[in-house]
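J.: I am attaching a structure below and will ask some questions about it afterwards.
The values are calculated or read from the model by the stated rules, or taken from the named source; none is laboratory data. Note that the coordinates shown come from a computational prediction; the quantities given were computed from them, not determined experimentally. Heads up, the Cβs are rebuilt from the backbone with ideal geometry, glycines too, and the neighbour counts pull from every protein chain shown.
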Amino acid sequence: MATEMASQNIWPEIEKAENENRRELVLHGAAVDKKIESCGGIHPRLYSLSLLNYLEISQCPSLHSIHQNISKLVHLQSLILCRNKITSVPSTIGELKALKVLDLSVNSLQDLPEEICSLTELTTLNVSCNSLKNLPQGLSQCTKLCSINASKNSLSKLPEDLCSSSSLELLNTIIASENSIEQMSSDIHNLSSLKVLDLSSNKLQEIPFELADCPKLKEINFKGNKLKDKRLEKMVNGCQTKSVLDYLRAGGRGKGRGKPDGEGAEKSEGNRSVSKKKSAQKQKNKKEEEEEVDELKQMVVRILHVSDSPAAVTVKVSPLVKDVRPFIVCCIVKGMNLKPGNALKRFLAAQTKLHDEICAKRTTATIATHDLSLLKPPLQYDARPPDILRIVPLGRKEMKAADLLKMLQQEADEQRKQKKRQNVSGLHKYLQLLDGKDHYPCLVDADGHVISFPPITNSDRTKIKKTTRELFIEVTSSTSLQICKDVMDTLIIKMAELNKFTFDHKEEAGSDGETDSTPDPSVDTSASPELSVVQVKVLDAEGNLKVLYPSKTDLTCDISHLKIIR
């Protein structure tokens, strides 16, 4: 009877995946949450989808646990269970021997089963934003592990075997910020591939000198720790990674710095001479440190307040987006130099990375960037039926949204057949985010051109190029306005970093098809890497202000090498 009941009440998303032998399934949002609440959990038929390669269940506060039958999904390579209220994970998760990506972030977990250490194919583990007091011992058995994110928990230490074992040859990223970690192992040098280490906002008092022996380490963050060595504390709060590692490599205060030349010289030279040399060396080190900080402070973002003139860019929000994708934040960025070398490619790659990370593969938010000169304000944020909405997708001809999604679905199916794998790449992996929607969100300019169709694609009409100097940026979300602002903050900071990198390296113009060899007299490439961010107003249908970005409460991050001029 129970089996018959489950068959009759099967969720349409699960039934569709079953009938079409799908390899991917995404369940998220309010509609799914209601089903979980009424059923007391996930529909049991889910665990019969043995072909699944990718499973995502997210943004469902009613989801408190995962059934032990999760072990039946033996072909799973990615299991994304983020932004729920999960309090426990079954030990049977250790039977998912093909699993490569496990995301349990933003839940209510207090512990993890030790069986996670049996996932020998695991490459990515994200357990951030939980209430974990410990990570399981034995993670060194996951020899293919590349990235661990355990930020915003209650960890007092990292697993002992994480650093003491030399088996984690591929581990390149450890993020454990905002915990209560008191000590860092001196065996950290065993992580030969470590590139990124973030232990900011913990309770560390010392940083082991052995950290400087990690051969590939490029980025460290120890801000917010009260270190005993106050000079080192000052350096980690304001200096580059290289400077901190050089300091550690030299042995720190009093151990490698400030020693007089000719350490074996006779004492007859006198203590006064030694003292003078120490004082001179100390002053030199202090000057170098201050110069390094000053150099980094060249990263400047200037906020330009929107004027009340008719020329100001505004976005009017239609009431129809309320039940589709209600939140949007916009701004204009001037001074971004995309022309030299690989500057444009770096920017697009950074945007893709933000989509995968802070935007949780576009499930929480989507970024869209446009060439401001190619769109005509004012803009309208609207929702239209798929047979009415028309767009010129990137690299394609104009078509209806319904036809675009149908085409992308066919391409995804063909991609699976050709590559004989369940995962798909490109736009195809976002199609399920629009399942069940009667209207699709879109941003429309004054000429009636749809310039954006989130979370799928932008319009080719407003595509940014190497010659683009003023960008119109939008961030949309179905989750919250604050997520839009957080993503926009992160993007602008990243743009400032990229612009400074381009400025510092003085790259030559690239050789791709978009390179314009004709000098642009309006661009002073030698002036400054400074960016200007122009506020954009988002208005409701009656013209009342909904959002102004950036406001006084935006872009308030505490980054010592970033200067915000308001």
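J.: Name the single residue that is farthest from the chain's Cα centre (by Cα) among those in segment 11-47 being outside any helix (DSSP H, G or I), touching a residue at least 12 places away in the same chain (Cβ under 8 Å) and surrounded by fewer than 17 Cβ atoms within 10 Å (Cβ to Cβ).
T.: Once the filter is applied, the top-ranked residue is N21.
J.: Against the definition (in the same structural domain as T476 (by TED's automatic domain parsing), under 17 Å from L498 (Cβ atoms) and outside any strand (DSSP E or B)), how does K345 come out, yes or no?
T.: yes
J.: Which one of S151, S167, S131, S156 is assigned to a loop (DSSP other than H, G, I, E, B) and without any contact (Cβ under 8 Å) to a residue 24 or more places away in the chain?
T.: Sole residue among the options that is assigned to a loop (DSSP other than H, G, I, E, B) and without any contact (Cβ under 8 Å) to a residue 24 or more places away in the chain: S131.
J.: Quick check: anything in segment 327-335 at pLDDT below 90 and either assigned to a loop (DSSP other than H, G, I, E, B) or touching a Leu at 6+ places or on another chain (Cβ under 6 Å) (or both)?
T.: no
J.: Filter segment 393-405 for residues that are within 30 Å of the chain's Cα centre (by Cα) and either closer than 22 Å to R469 by Cα or in a strand (DSSP E or B) (or both) and give the result.
T.: P393, L394, G395
J.: All but one of (1) within 26 Å of E357 (Cβ to Cβ); (2) out of contact with any helix residue (DSSP H, G or I) (no Cβ under 8 Å at 6 or more places or on another chain) hold for C214; state the number of the condition that does not hold.
T.: Status for C214: all satisfied but (2).
J.: For segment 57-97, how many residues meet the condition of being among the aliphatic types (A, V, I, L, M), part of a loop (DSSP other than H, G, I, E, B), farther than 19 Å from I14 by Cα and in contact (Cβ under 8 Å) with a residue 24 or more places away in the chain?
T.: 2
J.: Sticking with this one: Evaluate segment 19-29: report whether one residue or more is of a type in the set (D, E) and modelled with pLDDT of 90 or more.
T.: No: segment 19-29 contains no residue that is of a type in the set (D, E) and modelled with pLDDT of 90 or more.
J.: Right, T502: touching a Pro at 6+ places or on another chain (Cβ under 7 Å), hydroxyl-bearing (S, T, Y) and either surrounded by fewer than 18 Cβ atoms within 10 Å (Cβ to Cβ) or at pLDDT 90 or above (or both) or not?
T.: So T502 does not fit the description; no.
J.: So, one more: T369: touching a residue at least 24 places away in the same chain (Cβ under 8 Å) and within 29 Å of K500 (Cα to Cα), yes or no?
T.: Spelling it out, T369 is indeed touching a residue at least 24 places away in the same chain (Cβ under 8 Å) and within 29 Å of K500 (Cα to Cα).
J.: How many residues are touching a Ser or Thr at 6+ places or on another chain (Cβ under 7 Å) and not β-branched (V, I, T) if we restrict to segment 328-350?
T.: Total meeting the criteria: 7.
J.: Which one of these is in the same structural domain as I367 (by TED's automatic domain parsing), surrounded by fewer than 22 Cβ atoms within 10 Å (Cβ to Cβ) and at pLDDT below 90: P455, P521?
T.: From the options P455, P521, the qualifying one is P521.
J.: Does segment 403-416 contain at least one residue that is modelled with pLDDT of 95 or more and aliphatic (A, V, I, L, M)?
T.: Looking for residues that are modelled with pLDDT of 95 or more and aliphatic (A, V, I, L, M), one finds none in segment 403-416, hence no.
J.: Quick one: what pairs do we get from segment 181-204, first residue under 14 Å from E169 (Cβ atoms), second basic (K, R), C-beta under 7 Å, 6+ apart or different chains?
T.: S193/K216; L194/K216; K195/K216; K195/K218
J.: If you don't mind, another one. Among I116, I66, which is the only one that is among the hydrophobic types (A, V, I, L, M, F, W, C) and farther than 24 Å from D161 by Cα?
T.: Among I116, I66, only I66 is among the hydrophobic types (A, V, I, L, M, F, W, C) and farther than 24 Å from D161 by Cα.
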